[in-house]
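One structure is given below, encoded as structure tokens.
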């Protein structure tokens with residue numbers, strides 16, 4: 001087979017294997033929600049956050065050593081080993097009976113998440129620099145494995161448990177996932193080819209880790225904390241989000257969550273192409289700006305509240321002679337009230353209507369009685385403001401879809417930088433960037449759980465994303481401005497000296 005044919009074969013097998021690994025890595029988002037929703041285990045929201053996040057943590061922490069091993073021994077053997085090792089604790093998840101056994105099994109199969117560090121390094125050695133963005137984008141489409149789990153796992157659980165009649169049959173699902181992962185490892189080993197970077201100049205571990213001293217690596221890691229870690233967190237967190245906020249079943253919530261996760265995985269190839277064509281920095285401006293706007297729009301929670309509004313005060317002292325829903329009279333002085341009739345939405349209107357923007361109504365309620373003596377500027381009727389925001393599920397899903405779409409493009413744009421700046425250290429740098437991205441996927445669900453318990457608001461997750469995105473955007477813009485001042489000082493001085501029109 002020609003070198004080009006081998007490259008295409010490796011890229012194809014890398015992408016398929018990564019898809020399988022990602023599907024395994026994300027299984028707790030569906031499984032934990034299903035087990036709690038069916039009262040099989042009584043875990044708190046924060047405990048759910050830990051179980052959802054712990055596979056992400058182990059997959060993140062081991063990305064760096066796995067990336068180093070890939071640079072040293074090659075992707076074929078390391079990728080195969082990762083899949084076989086992760087399949088063992090995935091199988092033993094089927095016998096977990098409490099929080100701790102579930103936690104330790106999750107730590108083990110979380111190693112499937114290290115497949116990304118292997119695949120990035122193994123893919124990049126087969127393609128020239130001008131095509132690496134596209135190739136890495138195609139490989140990264142394996143993120144769609146998250147959508148396969150969020151869409152398929154709920155229905156698989158329903159089928160295995162006979163629509164809930166035999167709930168203990170959930171234990172078959174981890175066994176099936178483990179078998180699938182092991183078979184993928186066998187196929188991968190048989191059909192791929194050995195190749196690795198030339199690392200003959202590296203004689204020690206300290207030399208191999210030398211690139212990690214550069215602040216640029218950690219800046220890329222922060223971007224990846226957002227676009228990858230955020231994707232991983234939301235791919236799992238959206239399922240309980242839909243279940244609790246929109247009262248959906250786990251199966252329906254999984255399908256809705258797939259609207260976020262499936263395009264985010266598939267579009268990564270487009271992100272790689274865009275980064276090759278227009279440059280990764282320009283693409284990142286688009287990505288960060290879009291995520292910031294959509295996250296800000298999602299901050300407003302679903303609400304149905306009453307708040308103090310505009311009241312009515314007496315224009316003079318006297319005796320109240322008339323009180324009804326629309327009028328109060330004090331010694332002949334009329335004070336017209338806004339009646340509550342027609343100002344509130346009925347339950348049917350709330351359920352059946354589509355309200356894109358918050359709906360506000362206000363009225364006034366008398367607080368005095370006929371015959372009561374009042375003073376000038378005394379409150380006669382208190383104001384009531386009713387605010388209803390439906391947080392329409394389809395508007396919500398469209399905004400979430402845009403965030404997922406942009407995260408997919410952003411993941412490719414971040415990794416486009418790595419072979420450009422570190423062509424001989426893709427495994428190491430890609431590993432540490434992957435670690436930071438994975439840590440985002442680990443810490444975010446846990447943080448969401450504590451924010452939810454502390455505030456009672458599901459939308460605190462979007463507040464977190466808005467703040468984090470703003471920090472990334474500010475840091476990137478600051479670095480670019482500094483680079484321009486260094487490389488084109490005269491042009492920047494002229495721009496600074498021009499007064500705004």
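Considering only the stretch 361-371, I want to know if a residue exists there that is within 32 Å of the chain's Cα centre (by Cα), more than 30 Å from residue 282 (Cβ to Cβ) and not assigned by TED's automatic domain parsing to the domain that holds residue 459. Working first, answer last.
Step one: list which residues in the stretch 361-371 are within 32 Å of the chain's Cα centre (by Cα), which gives none.
No, there is no match, as no residue in the stretch 361-371 is within 32 Å of the chain's Cα centre (by Cα), more than 30 Å from residue 282 (Cβ to Cβ) and not assigned by TED's automatic domain parsing to the domain that holds residue 459.
Within the stretch 181-190, is even one residue touching a residue at least 24 places away in the same chain (Cβ under 8 Å) and within 30 Å of residue 275 (Cα to Cα)? There is at least one residue in the stretch 181-190 that is touching a residue at least 24 places away in the same chain (Cβ under 8 Å) and within 30 Å of residue 275 (Cα to Cα).
Answer yes or no: is there a residue in the stretch 382-394 that is over 14 Å from the mean Cα position of the chain (by Cα) and part of a helix (DSSP H, G or I). Quick ask: steps written out before the conclusion?
Going through the stretch 382-394, the residues over 14 Å from the mean Cα position of the chain (by Cα) turn out to be 382-394.
Then drop every residue that is not part of a helix (DSSP H, G or I), which leaves 393-394.
Yes: one or more hits.
The residues of the stretch 476-497 that are more than 38 Å from the chain's Cα centre (by Cα) and either at pLDDT 55 or above or closer than 16 Å to residue 223 by Cβ (or both), listed by number, are 489, 490. Applying the set (1) without any contact (Cβ under 8 Å) to a residue 24 or more places away in the chain; (2) closer than 21 Å to residue 433 by Cβ to residue 234 leaves exactly one unmet item: (1). Just one of the listed residues (252, 264) is surrounded by fewer than 18 Cβ atoms within 10 Å (Cβ to Cβ) and either part of a helix (DSSP H, G or I) or not assigned by TED's automatic domain parsing to the domain that holds residue 154 (or both), namely 252.
Within the stretch 85-107, being surrounded by fewer than 21 Cβ atoms within 10 Å (Cβ to Cβ) and either assigned to a helix (DSSP H, G or I) or touching a residue at least 60 places away in the same chain (Cβ under 8 Å) (or both) holds for 85, 88, 91, 92, 94, 95, 99, 100, 101, 103, 104, 107.
A count restricted to the stretch 189-212 and to residues that are modelled with pLDDT under 70 and in a helix (DSSP H, G or I) stands at 7. Taking the stretch 127-136 as the range and being within 15 Å of residue 8 (Cβ to Cβ) and buried (at least 24 other Cβ atoms within 10 Å of the Cβ) as the test, the residues that pass are 132, 135, 136.
For residue 304, the conditions (1) at pLDDT 80 or above; (2) touching a strand residue (DSSP E or B) at 6+ places or on another chain (Cβ under 9 Å) all hold with the exception of (1). Scanning the stretch 36-52 for residues that are more than 15 Å from residue 451 (Cα to Cα) and either at pLDDT below 85 or in a helix (DSSP H, G or I) (or both) yields 36, 37, 51, 52.
In the set (1) closer than 17 Å to residue 187 by Cα; (2) at pLDDT 90 or above; (3) in contact with a helix residue (DSSP H, G or I) (Cβ under 6 Å, 6 or more places away or on another chain), residue 105 fails one condition alone, (1).
Conditions tested, residue by residue: (1) under 22 Å from residue 245 (Cα atoms); (2) touching a helix residue (DSSP H, G or I) at 6+ places or on another chain (Cβ under 8 Å); (3) modelled with pLDDT of 85 or more.
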position	(1), (2), (3)
287	no, yes, yes
299	yes, yes, yes
346	yes, no, no
359	yes, no, no
377	no, no, yes
381	no, no, yes
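Identify all residues within the stretch 161-179 that are assigned to a helix (DSSP H, G or I) and either at positive phi or surrounded by fewer than 17 Cβ atoms within 10 Å (Cβ to Cβ) (or both); write none if there are none. Quick ask: steps written out before the conclusion?
If we filter the stretch 161-179 for residues that are assigned to a helix (DSSP H, G or I), which is where we start, we get 167-179.
Correct list: 167, 168, 169, 171, 172, 175, 176, 179.
Whether a residue is buried (at least 18 other Cβ atoms within 10 Å of the Cβ), closer than 23 Å to residue 412 by Cβ and in the same structural domain as residue 264 (by TED's automatic domain parsing) was assessed, and residue 142 passes this test. Of the residues in the stretch 180-188, not one is modelled with pLDDT under 90, more than 17 Å from residue 151 (Cα to Cα) and either touching a strand residue (DSSP E or B) at 6+ places or on another chain (Cβ under 7 Å) or buried (at least 16 other Cβ atoms within 10 Å of the Cβ) (or both).
The values are calculated or read from the model by the stated rules, or taken from the named source; none is laboratory data. Because the structure is predicted, anything quoted here is derived from the model rather than measured. Positions of Cβ are backbone-derived with ideal geometry, glycine not excepted, and every protein chain shown enters the neighbour counts.
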